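The values are calculated or read from the model by the stated rules, or taken from the named source; none is laboratory data. As the structure is a prediction and not an experimental result, all values here were calculated from the model. Counting neighbours? That spans all protein chains shown, and the Cβs are built from the backbone with ideal geometry, glycine included.
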Amino acid sequence: MIIIGEKINGTRKMVAKAIQDRDTAFIRQLAEEQAKAGSTYIDINAGTPPAREPGDLVWLLENVQAACDLPVCLDSANPEALKACLEIADKTPLINSVSGEKTRIDGVLPLALKYRTNLILLALDDAQGIPETSDGRMDIIQRLVDLALDGGLTQDQLLIDPLVTAISTGTENAVIAFETIRKIKVAFPMVHITSGLSNISFGMPLRKIINRTFLAMCISAGMDSAIADPCDKDLTGTLLAAEMLMGKDRYCMNFNKAYRSGRIGA
């Protein structure tokens, strides 16, 4: 499972303050914690105004690289900020993201193709926003995958986000996500599928229970990546149990290893 550690995000008050104050120790601690908890990528999102973002994102990147050996997920739609980071990244990063919106295709996609990065594709565009059906989302996904492959990326470099919307605003929203995941795996067997899990529970009580249940059901449908908090033991336990029950954990080694090391369980 590809885990994109979500905690270094400038929309969180403590992270925003750390960026403002240049609190190196706080950012490095967040990176170290997520690395030890099993992240594959460390997401960095400055969340600052466009003029400031290049400097802030580079500062985050430098601190994450000093704290751990993991590649980063560059969570920005600002081409200048992305380019500044791509020029100094130690390891091939993941860019989040390219959608069917013209600004993303014109501004972000060329950078991913030039630097041969891994890339998240979003199932939305200027005309439809987020389509209400899995077929509508697949139309956008097909166009974006074609653009990425024609530009020289491989399916294995792509992570597709079917775009999860809140169950509180539509009782079929989770079902649409499951349907889209299954269709993606049929159409593009070698791509990865990711999502921001917490979107499903927005506006609901007991959000963590909903998120964990949704994660297990998405894994059953074919999802193999998540943007999540790797330090959440209950969420990690659900993830590893779901993979084990799906036959993706040979001899249950990953689950047992995580239990023995204290990553899951009491």
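So, Ala127, is that one out of contact with any Phe, Trp or Tyr (no Cβ under 6 Å at 6 or more places or on another chain), in contact (Cβ under 8 Å) with a residue 40 or more places away in the chain and more than 30 Å from Lys257 (Cβ to Cβ) or not?
Working: out of contact with any Phe, Trp or Tyr (no Cβ under 6 Å at 6 or more places or on another chain): yes; in contact (Cβ under 8 Å) with a residue 40 or more places away in the chain: no; more than 30 Å from Lys257 (Cβ to Cβ): yes.
It is false that Ala127 is out of contact with any Phe, Trp or Tyr (no Cβ under 6 Å at 6 or more places or on another chain), in contact (Cβ under 8 Å) with a residue 40 or more places away in the chain and more than 30 Å from Lys257 (Cβ to Cβ).
Do we find that Ala177 is within 28 Å of Leu74 (Cβ to Cβ) and either in contact with a Leu (Cβ under 6 Å, 6 or more places away or on another chain) or in the same structural domain as Thr165 (by TED's automatic domain parsing) (or both) in this structure?
yes
Hey, any hits in the stretch 249-263 for a residue that's under 22 Å from Ile176 (Cβ atoms) and of a type outside the set (S, T, N, Q)? Quick ask: steps written out before the conclusion?
Keep residues of the stretch 249-263 that are under 22 Å from Ile176 (Cβ atoms), which gives none.
Looking for residues that are under 22 Å from Ile176 (Cβ atoms) and of a type outside the set (S, T, N, Q), one finds none in the stretch 249-263, hence no.
If the requirement is being closer than 26 Å to Ile8 by Cβ, charged (D, E, K, R) and modelled with pLDDT of 95 or more, which of these qualifies: Glu179, Glu172, Glu132, Glu87?
Details: Glu179 fails: closer than 26 Å to Ile8 by Cβ; Glu172 fails: closer than 26 Å to Ile8 by Cβ; Glu132 fails: closer than 26 Å to Ile8 by Cβ.
Answer to the selection: Glu87.
Is there any pair with a first residue in the stretch 149-168 that is within 30 Å of Ile209 (Cα to Cα) and of a type in the set (Ser, Thr, Tyr) and a second that is at pLDDT 95 or above and in a loop (DSSP other than H, G, I, E, B) whose Cβ atoms are under 8 Å apart and which are 6 or more apart or on different chains, and what are they?
Correct list of pairs: Thr165/Ile130; Ser168/Phe202; Ser168/Gly203; Ser168/Met204.
List, please: which pairs have Cβ atoms under 8 Å, are six or more places apart or on different chains, and start with a residue in the stretch 246-266 that is over 17 Å from Asp232 (Cα atoms) and end with one that is hydrophobic (A, V, I, L, M, F, W, C) and part of a helix (DSSP H, G or I)?
As it stands, the answer is Met246/Ile219; Asp249/Leu240; Asp249/Phe255; Cys252/Met244, since those pairs meet every condition given.
Among the residues of the stretch 25-47, are any farther than 21 Å from Pro230 by Cα and β-branched (Val, Ile, Thr)?
Within the stretch 25-47 (the criterion being farther than 21 Å from Pro230 by Cα and β-branched (Val, Ile, Thr)), the answer is no, since none of the residues qualifies.
Return the pairs, sorted by first residue and then second, in which the second residue is surrounded by 12 or more Cβ atoms within 10 Å (Cβ to Cβ) and not in a helix (DSSP H, G or I), the first residue lies in the stretch 13-28 and is modelled with pLDDT of 95 or more, the beta carbons are less than 7 Å apart, and the residues are 6+ apart or on different chains.
As it stands, the answer is Val15/Ile8; Val15/Asn9; Ala16/Gly10; Ala16/Gly47; Ile19/Gly10; Ile19/Ala46; Ile19/Thr48; Ile27/Ile8, since those pairs meet every condition given.
Test of understanding: among Ser225, Ser198, which residue is crowded, with 18+ Cβ neighbours inside 10 Å, in contact with a helix residue (DSSP H, G or I) (Cβ under 6 Å, 6 or more places away or on another chain) and closer than 23 Å to Asn45 by Cα? Write out each step before concluding.
On the way: Ser225 fails: in contact with a helix residue (DSSP H, G or I) (Cβ under 6 Å, 6 or more places away or on another chain).
Answer to the check: Ser198.
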